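Just so it is clear, none of the values below were taken in a lab; they were calculated from the coordinates. Predicted model only: the values in this text are computed from it and were never measured.
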Amino acid sequence: MSKLNAAFVTVIALLALALFALGALKQHLDTAKNLQRLEDQRLIAADLRIRIPQRRDALLNDQASPSAGNPFGDIAMVSFFDYNCGFCRAAALDLQQALTDDPNVKLVFKDFPVLGPASRFAARAALASHKQGKYEAFHLALMAFPGPVNERSTLTVAERVGLDLEQLKRDMQDPAITDTITRNSALAKDLYIYGTPALVIGNEVIPGQVGIATLQRAIAEARAKAKVSSTAAKLAF
């Protein structure tokens, strides 16, 4: 083998070794990132088990937040959503199915418009419709609308569900509606919720559209934990 060929082979070998080392380093860094992510998630979950009980009243008893299902249900689902969020629309069907399947569940609506002015307009209209007693029907109709929800489509849907449009427009200007959306946004931030959809069930935040099976399992787990806590409290007393 000539000196030139030998040098070439040596360079190739060194490059292969360097690539192997880079690959090993990348794998190490990816593993470290994954471990850090898991640790962050664990810490957040632990923090939420403290924060959620502290904010239970804001989650469940804000009179400006409409609700559906059993008002005296033993388990509550608190839904943070945006009317222009496709995953929220899919999640809305799961939530309705959960209410149908379990008559002892309450659903609290937290309008959380994060996708721009059109979403904020829809949220204001939805909250204003509560004064006419048609929030749930309007909410479901907006979630089922086949296309972007904007000012025009929001008012079209409102008319379809029988809302008085002039009253709706007047009620949308109520500063209390702005306050409600502001409170919802602050509450979401306090619970590490930065996007939609997101649910609070028991002492856990469930991000994303998870499907009816996961939803029902979360309800069952929250109910079981609530019973354990109740039993422990009675024994302590």
Rounded to a whole number, what is D in µm²/s for the range 122-218 from Stokes-Einstein with the Kirkwood radius over alpha-carbon pairs (37 °C, 0.692 mPa s)?
219
The range 169-211 versus the range 50-74: alpha-carbon centroid distance in Å:
12
Ratio of Rg to Rh for the range 77-155, alpha carbon only, Kirkwood?
0.95
Rg and Dmax of the range 57-229 over Cα atoms: what are they, in angstrom?
15.4, 50
Flagged as over-length at 25 Å C-alpha distance, from Lys134/Lys225; Lys106/Lys227; Lys134/Lys227; Lys110/Lys131, the pairs are Lys134/Lys225; Lys134/Lys227
Which ³J(HN,Hα) values, rounded to whole Hz and listed in residue order, are derived for the range 161-173 from phi using the Karplus coefficients 6.51, -1.76 and 1.60 in 6.51 cos²θ - 1.76 cosθ + 1.60 with θ = phi - 60°, glycine and proline given as x?
8, x, 7, 6, 5, 5, 5, 4, 5, 5, 5, 5, 7
